[in-house]
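A.B. asks: Please read through the structure below; I'll follow up with questions.
The values are calculated or read from the model by the stated rules, or taken from the named source; none is laboratory data. Just so we're clear, the structure is a prediction, and the values are computed from it rather than from any experiment. FYI the Cβ positions are ideal-geometry reconstructions off the backbone, even for glycines, and counts take in every protein chain you see.
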């Protein structure tokens, strides 16, 4: 009886493996290829717009191009301010600071020629007006989260080294 059970379990396992392998043999490649939707923003320039600075170009999602304004303050430290245009109001979202900064979080170091420039990110989400609509607040959070696109492109294109 024991031998018969082992035999049937073996037959079932072989059938399962044979069924799985027949589907795989139709495929020429065993590596999964990402679909177009899975490719991230930082690999495609057409999904972003460019903000030219003295240090490098910054890229931000094109979907926000009409809702965002950038201001460059070229005094020390060199600062690129990202400001949302919500309901005819200018609301600061975040700043990218090149050089020494006493505020913000250090992202890393940007290597230009033989020089390393510190890069900081200053988040302004805690400074938003209290009387904004839920829709505006959602937009502001979405714009704020898309700083990840900017950082990814900065690392990918400019070879910025991130800090831990």
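A.B. asks: Which condition breaks for residue 145 when tested against (1) exposed (fewer than 15 other Cβ atoms within 10 Å of the Cβ); (2) out of contact with any helix residue (DSSP H, G or I) (no Cβ under 9 Å at 6 or more places or on another chain); (3) under 15 Å from residue 85 (Cα atoms)?
C.D. replies: The number of the failed condition is (3).
A.B. asks: May I ask you to list the residues in segment 55-79 that are part of a strand (DSSP E or B) and under 21 Å from residue 129 (Cα atoms)?
C.D. replies: 68, 69, 70, 71, listed by residue number.
A.B. asks: Do the conditions hold for residue 14, that is, is it part of a helix (DSSP H, G or I) and either over 30 Å from residue 158 (Cβ atoms) or modelled with pLDDT of 85 or more (or both)?
C.D. replies: yes
A.B. asks: Identify the single condition in (1) under 24 Å from residue 156 (Cα atoms); (2) part of a strand (DSSP E or B); (3) in contact with a strand residue (DSSP E or B) (Cβ under 6 Å, 6 or more places away or on another chain) that residue 111 does not satisfy, given that it satisfies every other one.
C.D. replies: Among (1) under 24 Å from residue 156 (Cα atoms); (2) part of a strand (DSSP E or B); (3) in contact with a strand residue (DSSP E or B) (Cβ under 6 Å, 6 or more places away or on another chain), residue 111 violates only (3).
A.B. asks: From the list 91, 117, which one is assigned to a strand (DSSP E or B), out of contact with any helix residue (DSSP H, G or I) (no Cβ under 9 Å at 6 or more places or on another chain) and either in contact (Cβ under 8 Å) with a residue 24 or more places away in the chain or more than 20 Å from residue 148 (Cα to Cα) (or both)?
C.D. replies: None of the other options fit; the residue is 117.
A.B. asks: Which condition breaks for residue 87 when tested against (1) buried (at least 16 other Cβ atoms within 10 Å of the Cβ); (2) at positive phi?
C.D. replies: The number of the failed condition is (1).
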